[in-house]
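The values are calculated or read from the model by the stated rules, or taken from the named source; none is laboratory data. What you see is a predicted model, and the numbers here were worked out from it, not measured in a lab. Ideal geometry is used to build each Cβ from the backbone, glycine not excepted, and the neighbour counts take in all protein chains shown. For the accessible areas, the whole protein counts, side chains as well, though only heavy atoms, and no ligand, DNA or RNA atoms are used. Shrake-Rupley method; radii C 1.70, N 1.55, O 1.52, S 1.80 Å.
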Amino acid sequence: MSRLKKIKVEQLELGMYFCGFEASWIDHPFWRNRFLLKDAAHLQQARASGISHCWIDIDQGKDIVEEAVEDEETAPSTEVEVANAAEEAAPVVVEADPFFAELEQARMLCESAKDTTKAMFSDVRLGKVLDMDRCLHLVAQVTASILRDSSALTSIVRLKIADDYTYMHSVAVCTLMVALGRTLGMDEVACKEAGLAGLLHDVGKAFIPVEILHKPGGLTPAEFEVVKRHTVLGYDHLVKNSNIPDYATDVCRHHHEKVDGSGYPDGLSGAGIALLARMTSICDVYDAVTSERPYKKGWDPAETLTRMATWTGHFDKTILSAFVKMLGIYPIGSLLKMESGRLGLVIRQSSVALTKPVVKAFRYTSEGEITDTEVIDLSSPDATDSIRQRGGEEWLKYNGLDKLWMQRTPQPQPQ
C-alpha cells in the first residue's frame, strides 16, 4: 500500500516519487501528478514554483533523511526563540482555489448522478414508474453547482468513458440545460425545469436494442430508423406517469426537431417547437459530438461550435448564440495553437473576454513528454503568449489531454 508523506518542496531530491503539490494543480509546473523524480530540470522547476509543500510516496521512491535532534547548544533558549521556532515548524496552510473546491464537489456529484441515471434507465426498461423524488434531488444538486460556478460541473461531465456514455450523456445534457437557462436569464425554478427536461430527454433509448445502441460503427438506414423511435417510445412511457410535467414529456418527444421542419418525429418548425426542446436540441448535439465513442473520436469543442453555427435550419440562432456565450468561443477542453509554437489546452474561461481563456501551454516532444508548461491567463495584460488558431488536427492526435488537468490531488494516508 502506498504511503504518502508531506514534505517541504526544498527537501525534494532525485529518486523521490512525486505525488503532487499542496496547492491547486493549475498552479504547479508539471503536467503529470505522479512520477519518479529523476530529471534535474524537474527538480529545479519544483523548487522554483513558489509552492511550499508537496507529497511523496515513500513506498515507490526515496524518503527524506530526518534531521538530527538539536542538542542543548543549538536549541532555542529564549521565549522569543521558542515562539519563532514553533512558527517556523507550523504547517503551511495553502489557500484553496474556490474553482478546484467546486471541481471536487462536481466530481462527487457526477458519481452519484451516474447511479441515479442508471437506476432511472433500469426502471424505464422494466416498465416501472420513475423515482421522481430522486430525479428532482439530482436536478437540484446540479442547479446548485451551476449557480455556484457553472464551469466546474460542465468540465467534469465532459469526461466520459464509453460504457457510461448513455447515462452520463443524460447528466451532461441536464447540466448544460441548467447553465444555458441561466445564460438566457431564467430564474432558478425555470433552470431546474430545464435540467429535469435534459435529464429525461433520452429515456426512450432504454427501449432500443443494446446491439444497435452500442454498435461500434455506423448505423445502417434501417438501424437508424430504429434509433429514431426513442423519441416516441420515451414520450409514450413518460406520459403514463402523472407526476412527470408536460414540458419534460414534450422535450423527450421533440428534442430532435429542427427549426426548418426537417427533424423528427413530427416535423415541427420554428416557434412550433417549444423553447426547452429547442434548447435541448443544442445541448444534446454538442455533448454527443464532443464525446468519445467506440466508433469515433470526440470533436474539438471549439471546432464543434463553429460547425454547429453553419448547420442552416438546424438550431434556433438566438439560443445557439447564448450557448456559445455560455461555453466561450474556446470551450474548456479545446486545444489551441499558440504564437510561441506551443499548444494550449483551455482549462478555464476568462471573466472578461470570451476570446481569451486561461490555458495550460505546453510542448509535446517526439518522445511523448510534455515540456515547457505554463498556465497563462490570455486576458491579462502581462500574458506571455497568444492564440494563433484552433488546434485542428492536434485535437485528434492529443484528444483526451483534458482528462489530465483534473486529476485528483493526492490525500495523506495513514502510516
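Please list, in chain and number order, the residues 5+ apart from His53 or on another chain whose amide H is under 5 Å from its amide H, with Hs placed from the backbone.
Val9, Glu22
Please provide three numbers in whole Å: the alpha-carbon extents of the range 252-300 along the principal axes, with the largest listed first.
34, 18, 16 Å, listed from the longest principal axis down.
In whole Å, what is the distance between the alpha-carbon centres of the range 105-144 and the range 275-304?
Spelled out, the Cα-based centre of one part sits 21 Å from the other.
Grab the Cα-Cα distance for Thr220 and Lys317, subtract it from 0.36 nm times how many residues apart they are, and report the gain in nm with one decimal.
Full extension from Thr220 to Lys317 adds 31.8 nm.
Convex hull over the Cα atoms of the range 277-371, averaged projected area in nm²?
Mean shadow area of the hull around the Cα atoms is 7.8 nm².
Would you mind estimating how fast the range 212-367 diffuses translationally, via Stokes-Einstein at 20 °C and 1.002 mPa s with the Kirkwood radius over Cα pairs, in µm²/s?
D = 120 µm²/s.
Could you rank the peptides 222-229, 250-257, 165-172 by their average count of other C-beta atoms within 10 Å per residue, with the highest value first?
250-257, 165-172, 222-229
HN-Hα J couplings of the range 333-340 from phi, Karplus 6.51/-1.76/1.60, θ = phi - 60°, integer Hz, Gly and Pro as x?
x, 5, 10, 10, 9, 9, 4, 6
How high is the FRET efficiency from Ser52 to Glu13, r the C-beta distance, R0 22 Å, rounded to 0.05?
0.85
Filter the cross-link list Lys160/Lys296; Lys62/Lys360; Lys215/Lys296; Lys297/Lys356; Lys296/Lys317; Lys160/Lys240 down to pairs whose alpha-carbon distance in this structure exceeds 20 Å.
In this structure, Lys62/Lys360; Lys297/Lys356; Lys296/Lys317; Lys160/Lys240 exceed 20 Å between Cα atoms.
Let's test this: bin the Cα-Cα distances of the range 147-274 at 5 Å from zero up to the farthest pair and state each bin's percent.
For the range 147-274, the binned pair fractions read 2, 10, 16, 20, 21, 17, 10, 3, 0 percent.
Carbon and sulfur together cover what percent of the accessible area of the range 281-366 at a 1.4 Å probe radius?
Answer for the range 281-366 is 52 percent, counting heavy atoms of protein chains only.
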